[in-house]
Every structure is written in structure tokens, then in C-alpha cells.
């Protein structure tokens, strides 16, 4: 396996998907956000966002907390430590891949 | 999504949603209208209580209006710390501007023609300065325009011999009308629909 192939294969494929990368990055810069906010920020539909969040939650990257504010249901989403570490690792790997491409 | 993912830009964009609804404009405009009216009724000192009343009103109204439309965000501790410092600085500047404006106009004994001509324009100019600081510190560009409008109103009003209360009323009308326009556009752009329900 060439060094480039090794680097590419080390990329976290869960985060590499553009919509999930945007979700993880949007949650990385804040403490937490609810489903509506994330949907507006990422321009993803409810169904699409929900499906990506399920995958991120299964991987332990996102913490989902459901509650009610008055009569309105609210789903708060937070990136876990594992999720934050995964994004940092992804950025490092991606930077290395891009640097090796431009060399 | 662009070729680069600007993390600071994402955070800034999330923060800007706080001011998108135009409520801060409407509340500020109403505050100016109230202060102007109080001044015209020779109760300028009463104007000081309006900012204290209107800030909690904004906070509560903003939560009720924006939570179902654009959702809820909790900012990181660094941003919250910066916001607390900004609020403190702005509150101090606001109180100083107001106190200075009221003191100069009500108790000052201006000497010299130039000074006497400038003094009536000071309250509007000082509030304009406050609006400019809010605009610069919170990244709300509309407030920079309001600041310029207030300074122009103060200068014109003083030049024409119009009393300060009317300067504040004129500024209040501009800021309130602009705020209502921003608010209406926001309500059209973000209707209350629950994307979670469609999930």
C-alpha cells in the first residue's frame, strides 16, 4: 500500500461524508444545538438530518437529548468527546492527504 | 458546501442568527421613541429606565419568536465569556452616554456660541455612538447605519434649532420601521415548521 493510499484509507469515512462533516463541524463550534437549528444551519431536510444523526449517534459521536419546552418537543444535540476527537483526527489526516497531493 | 470548511465562519454564522430577527432593532427603536417622548415631556431622566426594561423584554421575546423558527443554540464557554464582557462594556457605555447627555443638556451652562449650538445634538450623537459600538461589537451592520443616521439627525437638528427629544423621536422612527421590515422578512423566511416532525 502506498503512503497516499494508507493516508486515504485512514480517513474516518463516517465524517468524510459531506453532510455529516457539516453536521459535526457545526456542532464542534458550539456547546450544543437543537434539531431545528442544525437543520437550518446545514440546509438539510428533517429526514436527511435525522438519518445522518442516527449514524453519528450509533458511532458515539453525537449525544441526543430529547425533552419538552412547554408543549414543544426539543431535541438537543451535542458532540461527544469521542466526536470532537474524531473531527480533530479527521482534520489532521485530511490536511496530510491534501499536502501530499500538492507536493 | 465550499472547498474549505471555515470553522470560525460556522460559529460566527450561528452567532449572527441571534440578531437576524430584527427584534433588537424594534426594541431599540421603541426605546428611542420612549426616550424622545420623555424628553419632550421634560422628563429626560425617565429615559434611563427604558433600556433597563427593554433588555429583558428583548431576551424573552427573542426566545419565544426564534426558538420555533431557527432553533436553539448553546454557545461555547469562550463565546459566552466574550459576550458577558461585551454586555458589561456596552451597559457601562450606555449609562455613561445617557448620563452625559442628560447632564450636559439639563444642568450644563454652556458658554460660547459654538458649544451652545452643539449641545442639543449631543444626546442623539451619543446614542448614535452607542448604536455604532453595538453594531461593531456584535457584528450587526444595520446598527452602523443607525449610528450614522443618529449623528446626522443630531447635527441637523442642532443646526435647525430642534429640541433633542425630537431628534430621538426621529431616530426612533427610523430604527423601529427598519426593525419591523427586518422582522417581517424574517417571519416570511423562517415560518414555524418542525423539520423534526417531517423526519
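The values are calculated or read from the model by the stated rules, or taken from the named source; none is laboratory data. On a predicted model such as this, the values are computed, not experimentally measured, just so you know. A quick note on method: Cβ atoms are made from the backbone with ideal geometry, for glycine too, and the neighbour counts reach across all protein chains shown.
Numbers at a glance
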{"read-out": "Residue count for the range B:157-168, restricted to those that are in a helix (DSSP H, G or I), touching a helix residue (DSSP H, G or I) at 6+ places or on another chain (Cβ under 8 Å) and either buried (at least 20 other Cβ atoms within 10 Å of the Cβ) or without any contact (Cβ under 8 Å) to a residue 60 or more places away in the chain (or both)", "value": "7"}
{"read-out": "Among the residues listed as B:83, B:20, B:8, the single one being closer than 24 Å to residue B:145 by Cα and within 12 Å of another protein chain (Cβ to nearest Cβ)", "value": "B:20"}
{"read-out": "Single residue of the range A:39-48 satisfying the filter (more than 7 Å from chain B (Cβ to nearest Cβ) and in a helix (DSSP H, G or I)) that is farthest from residue B:63 (Cα to Cα)", "value": "A:48"}
{"read-out": "Every residue from the range A:27-42 that is touching a helix residue (DSSP H, G or I) at 6+ places or on another chain (Cβ under 8 Å) and farther than 20 Å from residue B:193 by Cβ", "value": "A:27, A:28, A:29, A:30, A:31"}
{"read-out": "Residue within the range B:21-32 that is surrounded by 21 or more Cβ atoms within 10 Å (Cβ to Cβ), touching a strand residue (DSSP E or B) at 6+ places or on another chain (Cβ under 7 Å) and on the phi > 0 side of the Ramachandran plot present", "value": "no"}
{"read-out": "Among the residues listed as B:186, B:146, the single one being assigned to a helix (DSSP H, G or I) and out of contact with any helix residue (DSSP H, G or I) (no Cβ under 6 Å at 6 or more places or on another chain)", "value": "B:186"}
{"read-out": "Only one of B:32, B:65 that is more than 9 Å from chain A (Cβ to nearest Cβ), in a helix (DSSP H, G or I) and out of contact with any helix residue (DSSP H, G or I) (no Cβ under 6 Å at 6 or more places or on another chain)", "value": "B:65"}
{"read-out": "Boolean, residue B:70 is closer than 25 Å to residue A:74 by Cα and in contact (Cβ under 8 Å) with a residue 12 or more places away in the chain", "value": "yes"}
{"read-out": "Pick from the range B:77-94, criterion surrounded by 14 or more Cβ atoms within 10 Å (Cβ to Cβ) and touching a residue at least 12 places away in the same chain (Cβ under 8 Å), ranking: farthest from residue B:167 (Cα to Cα)", "value": "B:79"}
{"read-out": "Breaking point among (1) at the interface with chain B (Cβ under 7 Å from one of its Cβ atoms); (2) out of contact with any strand residue (DSSP E or B) (no Cβ under 8 Å at 6 or more places or on another chain), for residue A:26", "value": "(2)"}
{"read-out": "Given (1) over 27 Å from residue B:42 (Cβ atoms); (2) at pLDDT 95 or above, number of the condition residue B:177 does not satisfy", "value": "(1)"}
{"read-out": "In the range A:1-13, residue modelled with the lowest pLDDT [restricted to those that are within 13 Å of residue A:90 (Cα to Cα) and surrounded by 12 or more Cβ atoms within 10 Å (Cβ to Cβ)]", "value": "A:7"}
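Conditions tested, residue by residue: (1) more than 9 Å from chain B (Cβ to nearest Cβ); (2) at pLDDT below 95; (3) over 18 Å from residue B:8 (Cβ atoms); (4) exposed (fewer than 14 other Cβ atoms within 10 Å of the Cβ).
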{"position": "A:15", "(1), (2), (3), (4)": "yes, yes, yes, no"}
{"position": "A:22", "(1), (2), (3), (4)": "no, yes, no, no"}
{"position": "A:57", "(1), (2), (3), (4)": "yes, no, yes, no"}
{"position": "A:70", "(1), (2), (3), (4)": "yes, yes, yes, yes"}
{"position": "A:76", "(1), (2), (3), (4)": "no, no, yes, no"}
{"position": "A:83", "(1), (2), (3), (4)": "yes, no, yes, no"}
{"position": "A:96", "(1), (2), (3), (4)": "yes, yes, yes, no"}
